[in-house]
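In what follows, a single structure is set out as structure tokens and then discussed.
The values are calculated or read from the model by the stated rules, or taken from the named source; none is laboratory data. For clarity, every value in this text was computed on a predicted model and none was experimentally measured. Virtual Cβ from ideal backbone geometry, glycine too; neighbours counted across all protein chains shown.
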Amino acid sequence: MPKEFSRTDRVADALQRELAQLIRDEMNDPRLGIVNITVVEVSRDLSQAKVYLNFVVPKDEADAAAAIEVLNGSAGFLRAQAAKSIRMRSIPKLRFYYDASGERGQKLSALIDLAVSQDRSRQGEDD
């Protein structure tokens with residue numbers, strides 16, 4: 001019987017929980033704001049981890065890039081802190097990326113709502 005989750009999935013989940021707590025509690029940089037970690041992808045050899053995140057309060061591209069730069073600069077600190085609570089021989093190297101999928105989804109939803117409302121108004125004119 002196969003395992004429900006692979007080791008990479010379990011490590012990614014543990015990293016996601018631990019990094020969310022560390023960023024919230026240990027990072028006091030005002031450029032960050034409130035961070036939401038959306039996905040952590042761990043390589044098969046457990047040596048690299050890509051951490052995708054977005055911000056609760058929307059930021060423009062320059063502010064988001066500065067926040068990602070702060071996190072990538074603090075990756076060593078976050079990795080060392082995560083190693084204290086996650087019991088592994090080696091914690092993956094962290095690399096942070098901005099995840100704009102939520103914003104794209106909101107824009108697409110707004111476009112769909114606009115198209116539906118325009119379609120309804122046209123149907124009302126035809127009657």
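A few remarks follow.
- Test: residue in segment 42-56 that is in contact with a Gly (Cβ under 8 Å, 6 or more places away or on another chain), part of a helix (DSSP H, G or I) and at pLDDT below 95: no
- Extreme residue, modelled with the lowest pLDDT, among residues of segment 87-110 that are assigned to a strand (DSSP E or B) and within 13 Å of the chain's Cα centre (by Cα): Y98
- Among the residues of this structure, V39 does not count as one that is free of Cβ contacts under 8 Å to residues at least 40 places away in the same chain, more than 17 Å from I86 (Cβ to Cβ) and surrounded by fewer than 18 Cβ atoms within 10 Å (Cβ to Cβ).
- Contact annotation: residue pairs with Cβ atoms under 9 Å, 6 or more positions apart or on different chains, pairing a residue in segment 68-80 that is at pLDDT below 95 with a partner that is hydroxyl-bearing (S, T, Y), are I68/Y97; I68/Y98.
- Which numbered condition K59 misses (of (1) over 18 Å from G33 (Cβ atoms); (2) within 17 Å of the chain's Cα centre (by Cα); (3) among the basic types (K, R)): (1)
- Condition check for K84: closer than 16 Å to E18 by Cβ, basic (K, R), at pLDDT 85 or above and in a strand (DSSP E or B): no
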